[in-house]
Amino acid sequence: MERVVERFIQYAKEYTTSDPESTTYPSTERQVDFMKKLEKELKEIGLREVERDKFGYVTATIPANGIENAPVVGFIAHVDTSPDFSGENVNPQIIENYDGGVVQLKNGVEINPKSFPEILNYKGQPVITADGTTLLGADDKAGVAEIVTAAEILLQNKKFKHGKIRVAFTPDEEIGKGTDYFDVKKFGADFAYTLDGGEIGELEFENFNAAGAKVTINGQSVHPGAAKNKMVNALLVAQKIIAMLPPTQRPEHTEKYEGFYHLLSLKGNVEKAEMQYLIRDHDSDKFEKKKKLLTEIVQIVNLELGKKRIELEIKDQYYNMRQKIEPVMHIIDIAEQAMKQAGVVPRIKAIRGGTDGARLSYDGLPCPNIFAGGHNFHGPFEFVPVPSMLKSVEVILNIAQLVGKLN
Ligand SMILES: [Zn+2]
């Protein structure tokens, strides 16, 4: 089991940051370098059908042991780390016995329980952090290490009875492209789990419905000294639209299952202005109503202006996976049961964002998300408690065996 810690530390040192500006897939060659090592390791520990395709995805099979005809379950994790913070020369360190105090790192960076009280849940446990100069990359190398370690245990111990299992490692999740070229059909699983959640116990199968809206306003610029009844200031029209949207439905005023309109950008001048909005809601009816309200507001303001000066373009981005999970709720029951068997309390919550699993679910592979154990992703305060990683491995082993009983 402790192999998961060794593995995680080894993976964390690998530089695999993705790059949103890149025009290649995967976005960075360094992810391919890591995928090659992973491919080699999977072959060495005895996985079958180990493949690395031209897009960088690495997939492999753990053959059935003692059970035929069970559904095929998949486990998926991403290898890239967030471009939000440096992931180069990561130097992981283990605090053998976290004492509940402030964790001092380089450059004056500290993980202070006053700011991050959840670390107190791990008092007395070994906890892994970076050194203050980089992120740690537990998102999602903890998930990668957990899947590889669980695979190794299943292959070495014939006492675990299970059906066929597939594993996949994906690039570019952090830049929203993790599943762009994922071949669901070839992967051949009936359902899967991403190991990409945070704290121990996390189990997620709901995420936002998401759309992007672009509002373009064509004003009319006239010399301000001679502007009476002539000028139409595009920026002021933008301001009017902003004010007509419900002010309580903004990210800074919402939580849990509350959706929002997020003004992502506003740029322009008197002649022309452009706004980008993100529209989010877990509930599909409310999501449709939010899009409709913005559409109506634009119509009203156009009428007031006496001319169609505002153009609105709304594009759906992704949908709540709940719709695709509901018909197969037993895969959530299995994850819950697997956690309980490992002595972990399941914490079911709705994701206030999207996941790779949401896209996969709509591509035909129902794919909830379970914990990999880390906290404070995408920055120098990231940490992962060792027991959380061990429990995650145990949960994978339990899921493998529970799915085997479905035949
Ligand atoms: Zn992640």
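The figures follow:
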item	result
Burial ranking of peptide ranges 89-99, 372-382, 156-166 (average Cβ count within 10 Å, highest at the top)	372-382, 156-166, 89-99
Heavy-atom surface of the stretch 263-354, accessible at 1.4 Å and reported per residue (Å²)	57 Å²
Nearest-ten-degree value, helix 330-341 long axis tilted from longest Cα axis of the chain	50 degrees
Angle in degrees between helix 234-244 and the longest Cα principal axis of the chain, rounded to the nearest 10	60 degrees
Listed residues Phe75, Phe85 arranged by accessible area, highest first, probe 1.4 Å	Phe85, Phe75
Accessible solvent surface per residue of the stretch 5-135, calculated while the other protein chains remain in place, 1.4 angstrom probe, Å²	47 Å²
Inter-label distance, nm, simple model (7 Å from Cα along the C-beta direction), Glu29/Leu236	5.5 nm
Cα centroid of the stretch 298-326 to Cα centroid of the stretch 386-407, whole Å	43 Å
Nearest-0.05 FRET efficiency for His253 and Leu303, computed from C-beta distance (R0 30 Å)	0.55
Alpha-carbon centroid distance for the pair the stretch 27-101 / the stretch 218-251, whole angstrom	51 Å
Accessible area (Å², per residue) of the stretch 142-248, counting only protein heavy atoms and a probe of 1.4 Å	38 Å²
Protein accessible area in the chain, 1.4 Å probe - carbon and sulfur %	49 percent
On Cα atoms only, tilt of 386-404 relative to the major axis of the chain in degrees	80 degrees
With all protein chains modelled, accessible area of Leu264 [1.4 Å, Å²]	100 Å²
Distance in nm between pseudo-label sites at Asn89 and Leu264 (7 Å out along the Cβ direction from Cα)	3.4 nm
Surrounding net charge for Gly212, when Lys and Arg each add one and Asp and Glu each subtract one, Cβ distance under 13 Å	+2
Rg and Dmax [Cα atoms of the chain; Å; Rg one decimal, Dmax integer]	24.1, 87
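The values are calculated or read from the model by the stated rules, or taken from the named source; none is laboratory data. Note that this is a predicted model, so its numbers are computed, not measured. Cβ coordinates were reconstructed from backbone atoms using ideal geometry, including for glycine residues, and neighbour counts include every protein chain displayed. We work out accessible area using only protein heavy atoms, side chains counted, and drop any ligands, DNA or RNA first. Shrake-Rupley method; radii C 1.70, N 1.55, O 1.52, S 1.80 Å.
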